[in-house]
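Derivation of every value follows stated rules applied to the coordinates shown; laboratory data play no part. Worth saying up front: this structure is predicted, and the values here are computed from it rather than measured. Positions of Cβ are generated from backbone atoms using ideal geometry, with glycine treated the same way; all protein chains shown enter the neighbour counts.
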Amino acid sequence: MKYLLVIPFALLGSIAFAQNKMYQQAQVSTTVNVIAPEEESVDNMQGGGEFRGGMNFRNMMDGETKFVTFLKGNKIKTTIKSEMGRSAVYRDNAQKSTTTVMEMMGSKNGFIITDEEQADMQRKRDSMMALRRNKDTSVKAVNTERPNFTTDISYTNESKKIAGFNCKKGYLITTRLLGIKDSASFWYCPEFKLENVSYTGGLNNIPMMSNMAPNLNGLDKVEGFVMAYETKMRRNRTLQVEVTKVELDKKIEDKEFDIPKDIEIKPMKEMQNMFRGGGGNGGFRGGRE
C-alpha cells in the first residue's frame, strides 16, 4: 500500500515541474513587419485614405515597427515606434481602461477609453455595418450579429531558438462563415507565460488600426508565451512579428506606467474625429477598405 501512495505523489511532482512558469513582471522587445505585395504600384495606393498633406493612411503601417512592452501585475505599457511617429498605450486591467498617447507630425495627443465604452463603440459600429448591408437590395437576408469564429491550435515538433529561448512551432486555425479556414503560424516558448500578456506586437495596440488587424483570437490558449507569428492581413499584406528580447528578471518601476502630465487626455471619440478630419482642426481621414 505504501508504494501505491508514493507513485501518485511522484506523478504530481513531475506534472507540476512540466508546467510553464508564470511571470508578473517583464519587459519584451518586439519587431513587427507589414509587407506589401510586390505587384502593388504607387498608382494603386493613391486615392482615399490620405492625411492632409498627402500621406497615405491606409499604408501607414507598411514596413518595420518597434514595440516594447512593460508588464507589472495589472498594468501594461506598450511603446510603439515607426517612421510615422511614436505612441504609447497604457492598459490598466484593474480600472478596465486604456490610455493612448500619440506623437505624430510634431504634435502630442492623449485619449482614454473604458472597456464599457469600447464595447458600446463596437455595438454601434456593428449596427452601422448592418444598416449599410440592409440598404443593399441584392442581399435578401442579413445576419446582424457579429461573425462567430472558432479557433483550433495544432502543435508540431519543429523547434528553433528565438531571442535565446528554445521555441516550438504551431498553427492557429480559424474557421469563419461558410466553413472557410484561415491559418497563422506561430512559435512559442513552453518554459514561461506572462500574466495578462499572451503575445506582443498586435496591431490592435496601434491607434486606429484595430479594424485592419488580423484575427488572432486563440493565441491566448497557446501552452506557453508566443515569441513569433505570421499571418495574412487585408489588401494582400503579410504581418510578421518576432520577439527580439525578453527580460524576465527585470524589475519594472511603478513610474513606468505614469501617463505624461503635459498632455491633455481626451475621450477616445475625439481621436476618431481627428482621424476622420472632424472638428475642423486639420484632422486625419482614413480610407475605406
Mind checking which lysines have their Cα closer than 16 Å to the Cα of Lys221? Skip sequence neighbours fewer than 8 apart in that chain.
-> Lys21, Lys168, Lys169, Lys193
By average Cβ neighbour count within 10 Å, what is the ranking of 259-266, 107-114, 225-232 from highest down?
-> 225-232, 107-114, 259-266
If the cut-off is 24 Å between C-alpha atoms, which lysines fall inside it for Lys135, apart from same-chain ones fewer than 8 positions away?
-> Lys124
Total formal charge among the other residues, if their Cβ is under 14 angstrom from that of Lys160, Lys/Arg +1 and Asp/Glu -1 = 0
Summed residue charge, Cβ within 11 Å of Lys81's Cβ, Lys/Arg positive, Asp/Glu negative = -1
Restrict the search to the stretch 69-107; then list the trypsin sites (Lys or Arg not before Pro) that DSSP places in a loop and that have at most 16 other Cβ atoms within 10 Å of their Cβ.
-> Lys96
